[in-house]
Amino acid sequence: MTRSLPRTATKARPVKAADRNGVAGTAVRPNPVPEQTIAADDPAWDLPDFATMMSNAREASNFLKAVAHANRLMLLCILARREHSVTELEELLSERQTTVSQQLARLRLDDLVTTRRVGKTVYYRLADDDLIKFIRLIHEMFHKPAGPASK
């Protein structure tokens, strides 16, 4: 059985028109969208409501903004293997302590990393196992193995 989705809403398309006094303005002419049908067992019917989708989109957008910096992404990649102290991260990234701490603070603010203190040393690790899945996906997408040049 197929059901018709209510996708017949029209998009407004401005057109030049003159009003009764002959003054040019902008009128709106409907631009119909063709009706689409989806089978009842199609996963598209399982879409969450609009408010949930908007909330999820904001959460995803905030996450992507947090990782959209090369140093922060590198920090996450390094921490995906194991926890590290700030000093270790400085050495691995060849960055100053202030730079590394600033990036870690942003990741901590976004709940992407957590800390553990031993004396004066602070250790950082990923806050969630889902981040490891994300790092693996990024690695699969962008890691190009070194090898002979392709012809």
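What follows is calculated from the coordinates using simple rules that are stated; it is not laboratory data. The model shown is predicted, which means the values in this text are computed figures rather than measured ones. Note: ideal-geometry Cβ built from the backbone for every residue, glycine included; neighbour counts use all protein chains shown.
Numbers for the structure displayed
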| item | result |
| --- | --- |
| Cα→Cβ-extended label distance, 7 Å offset, between CYS77 and GLU59, nm | 2.7 nm |
| FRET efficiency for GLN97 and ASP130, using Cβ-Cβ distance with R0 set to 25 Å, rounded to 0.05 | 0.30 |
| Cβ crowding within 10 Å averaged over residues, with 96-102, 55-61, 73-79, 85-91 ranked highest first | 73-79, 85-91, 96-102, 55-61 |
| Rounded to the nearest 20 debye, dipole of the stretch 65-151 from Cβ charges on Lys, Arg, Asp, Glu | 100 debye |
